[in-house]
Each structure stands twice: as C-alpha cells, then as structure tokens.
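I have placed the structure first, in the form of structure tokens, so that the comments after it can refer back to it.
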Amino acid sequence: MGFNGMDYYPSKKAKRLPSNIDDLADDCLASVFRLLGTVDRNSCSLVCRRWLKVDGDNRHSLSLTAESHLSDFIPSLFLRFNTVTEVSLRHVGYQDETISAITLIRISQLCRNLTRLQVQAPCFLTDKDLEHLAMNCKALKKFQLRFNFLGGGGMHAFMDHWKDLEDLSLDGFHGTENAWSVAPPKPKLKAISLKDTVLFYPFLGAKNLRVLKLVRCNGDLDTIFHVLTNEVTGIVELHLVMLEISDIGLEAFAKCSNLEVLHLIRTPKCSDKGLVAVAKGCNRSLRKLRVGWDMEEIGSRGLMGVAEYCVNVEQLVLIGVNPSKECFEMLVSNCKGLEQLAVCGSETVGDSEMNCMAAKCRALREVYMEGCPISDEGVSALVLGGGCPKLEIVKVWKCERVRDRDEQHVQCGHRTVR
C-alpha cells in the first residue's frame with residue numbers, strides 16, 4: 001500500500017475531542033466530581049447552574065450535621081439531591097445534639113430509595129415514629145440508630161417491613177421482653193451491633209448472621225446465647241464487651257467453628273474454662289483475639305488453650321492479663337503467623353518475654369507495650385536482634401524502665417521503629 005498524505009489528517013466524520021470542560025457530557029463531568037473530596041465537590045457545585053444540577057443528580061450519599069433546625073432544610077435539600085440512597089446524621093463537634101423524629105420522617109418521605117441510614121446523634125422515637133420510618137423506606141439494608149425510647153410495636157414494624165435488612169446497629173433500646181418476642185426473624189441479617197440494649201430473642205432466624213457485637217447489654221444472656229447458637233453457627237466476628245455472662249454463655253459460641261475474631265472484654269464472670277472451650281471449638285479458624293480488662297479469672301490456662309488450638313492467630317491483644325513464662329513462650333512458639341501483638345498492664349511480661357518474641361516471632365510486624373516491666377534491654381533485643389525480619393513498628397508507653405518511654409524512637413536498618 002502506497003503512502004497517502006491524507007492519513008495524517010482526521011476525517012471530517014471523525015468525532016471531535018472536547019476542547020474544554022464545558023464540552024464534557026454530563027456523565028463524564030459526574031465521574032470527575034466523584035473523584036473529589038466533599039469540600040471540593042461542594043465548591044465545584046457552586047461554579048454554575050449546570051454543575052450544580054450534575055452534582056445534585058449524581059450525589060448518592062449525604063452526611064448531615066445534627067442541628068435542631070435541620071428539618072426545615074430537608075425538603076429543599078432532597079429536591080436538589082434526588083438520587084441519594086445513603087444518609088448519615090452525625091454529631092456537631094462535641095455537642096450532644098438531638099435529632100428530632102420529624103427530621104427522620106421527612107427524610108424517609110422524600111428519599112424512599114434509601115439503602116443505608118445512620119443516625120449517630122441521639123434521637124427520641126415513639127412506636128409510631130419508627131413505624132412510619134419502616135413503611136417509607138422498605139429498601140434499607142443498613143440501619144444505625146441511637147435513641148432513648150422505643151416500645152414493642154415500633155420494633156415489630158421495622159422487623160416486618162425491612163425484609164432486605166442486612167446490617168442493624170442499635171444504641172440505647174429501652175424496650176421490653178415483649179418488644180423482641182413479637183418481632184419476626186430476619187433471615188438476611190448478616191451483622192448486628194447492640195449497645196446499652198435489653199436483649200431477648202430477636203435474631204434466632206438470622207441464619208446468615210456473621211458479625212455480632214454486644215456492649216453493655218442486659219437480659220438472660222447465658223440462656224439466649226445457647227438458644228441463638230443452636231440456630232446460628234456461622235458467626236465469624238464476635239464482640240462481647242461489659243456483659244454479665246458466665247462460662248455457660250461463653251461456651252455456647254464453641255459451636256461457631258468458623259469464628260475468626262473474638263473480643264472478650266470486661267466480662268468478669270468468664271474464666272479460663274470458657275475461653276478454652278471456645279478456642280477448642282473454633283480451632284484453627286481464629287485469627288484475631290482481644291481479651292482482658294477486669295477479668296481476673298482469665299490467665300495462663302486459658303491462653304495456653306488458645307496456643308494449643310488456635311495456631312493461626314495473627315493478632316493478639318492482652319489487657320491486664322498475667323501469663324506465665326511457660327504460657328507466653330507457648331503462645332509465640334505455636335502461633336507462628338503472629339503479626340500484631342499488644343500487651344497492656346501485664347505484670348509478668350518483661351525482658352525475658354521480649355527476648356522470646358525476638359527468637360520465635362518471625363512474622364511479627366507490630367508490637368505495642370504499655371505499662372509492662374520491660375527495659376531498654378528488652379526493646380533492643382526485639383528491635384536489633386534480627387530475629388523479627390518483618391518488624392516495622394514498636395510502640396512503648398508507660399513502661400517505667402524504658403528511657404524516653406513516652407516517645408520511643410529506635411533506628412533499625414531501613415526502618416524507624418517507635
């Protein structure tokens with residue numbers, strides 16, 4: 001084929017490339033906006049009427065501050081942002097501003113396609129308020145709410161209408177046993193987080209439950225946990241914080257053989273016996289364990305059970321726990337994949353244990369030590385000994401025998417360890 005000079009010139013039918021931003025199609029301009037942070041995006045929406053409309057038509061999430069007069073702006077706000085599916089209502093600085101029920105009802109009326117609603121400021125709701133909310137937003141998949149009053153009817157309404165609900169977070173539910181007992185099961189629920197809540201039997205039908213987080217919840221928890229785990233055994237993340245449960249309740253979760261994350265904090269009635277039972281039940285699945293804080297019955301026997309059965313632990317946090325030398329050595333020897341280790345307020349983890357870590361923990365990347373009887377010698381052995389080739393961060397705080405303990409900097413090869 002011979003040379004044709006016209007090959008170097010575009011055809012008259014060729015599509016002309018945009019010469020400036022005004023030539024961009026609306027969907028291209030919206031793609032640019034989505035790459036911007038909230039502040040920059042808000043500024044861009046004020047450039048001209050077209051940009052204002054493009055931004056409004058393509059904004060899918062809104063984060064609003066909890067102000068008493070917010071309800072007055074809801075109609076105009078959602079007239080502009082008419083494609084929103086996610087709304088978050090948050091605190092204003094350190095103020096404990098309250099969200100009114102009227103605000104939530106107006107949002108639910110104007111934004112019926114909501115899939116995610118987070119209310120991070122206190123909210124006073126009645127049964128009727130929550131019933132209206134449930135009827136208006138039937139597509140919700142994630143719901144987070146802080147409130148101060150709620151009865152049985154409202155709980156029944158949202159459990160009945162939100163059939164696609166997957167993630168539920170409640171803070172301050174003051175219902176009664178009857179409130180939960182009338183609520184039908186939610187088979188699609190995957191994550192439940194309850195704080196300062198009266199707990200009864202609402203989730204026995206949640207066969208797909210994977211995450212359960214309970215903080216300061218009341219009720220007959222030992223019995224509830226056994227009933228729950230007879231139906232739901234697929235939990236992979238479990239947080240039990242400041243609960244009045246005994247080993248009877250804790251042992252119920254030994255049925256969850258796929259448990260990967262366990263936080264057992266300030267549950268003083270639990271002992272080594274319960275911890276060993278869970279460790280044996282979840283066996284090699286456990287990856288992250290956080291235990292301690294006002295738990296005098298948890299010690300070496302329980303942790304040795306973890307070391308024996310849960311050899312794949314990657315993250316270990318001990319708070320106020322005093323393992324023996326034999327126990328600590330068994331932990332770091334058996335858990336060969338241990339990457340993150342934090343020990344706070346332990347009276348028995350000292351330089352000898354630091355030397356043991358340096359010799360055994362080949363996978364260790366991060367270490368945090370607070371209020372432990374370690375010295376510069378132990379820190380140097382860990383950092384400079386060369387036994388932990390992947391070590392990146394060491395943080396030492398309130399350890400009396402370590403110099404400059406409030407801000408420890410140690411140079412280790414190409415790494416700065418703090």
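Brief remarks follow.
- Of the residues VAL311, VAL321, the single one that is under 27 Å from GLU244 (Cβ atoms), part of a loop (DSSP other than H, G, I, E, B) and under 26 Å from the mean Cα position of the chain (by Cα) is VAL321.
- When region 331-355 is limited to residues that are in a helix (DSSP H, G or I) and aliphatic (A, V, I, L, M), the one that is nearest to LEU382 (Cα to Cα) turns out to be MET354.
- Matching helices (runs of 4 or more DSSP H) fully within region 1-82 where at least 2 residues are surrounded by 14 or more Cβ atoms within 10 Å (Cβ to Cβ) and modelled with pLDDT under 70: none
- Qualifying residue in region 152-162 (condition: over 25 Å from the mean Cα position of the chain (by Cα), modelled with pLDDT under 85 and assigned to a loop (DSSP other than H, G, I, E, B)): no
- Matching residues, region 343-358, being among the small types (Gly, Ala, Ser) and in contact with an Asp or Glu (Cβ under 8 Å, 6 or more places away or on another chain): GLY345
- Tabulated pairs, region 96-112, first more than 13 Å from PHE124 (Cβ to Cβ) and of a type in the set (Lys, Arg), second at pLDDT 85 or above and open to solvent by 30 Å² or more (accessible area, probe 1.4 Å), C-beta under 9 angstrom, 6+ apart or interchain: ARG106/PRO75; ARG112/LYS138; ARG112/ALA139
- For region 223-248, filtered to residues that are open to solvent by less than 10 Å² (accessible area, probe 1.4 Å) and closer than 20 Å to TYR309 by Cα, the residue that is farthest from the chain's Cα centre (by Cα) is ILE235.
The values are calculated or read from the model by the stated rules, or taken from the named source; none is laboratory data. As the structure is a prediction and not an experimental result, all values here were calculated from the model. Backbone-built Cβ (ideal geometry, glycine too); neighbour counts: all protein chains shown. SASA here: full protein model, heavy atoms, side chains in, ligands and nucleic acids out. Shrake-Rupley method; radii C 1.70, N 1.55, O 1.52, S 1.80 Å.
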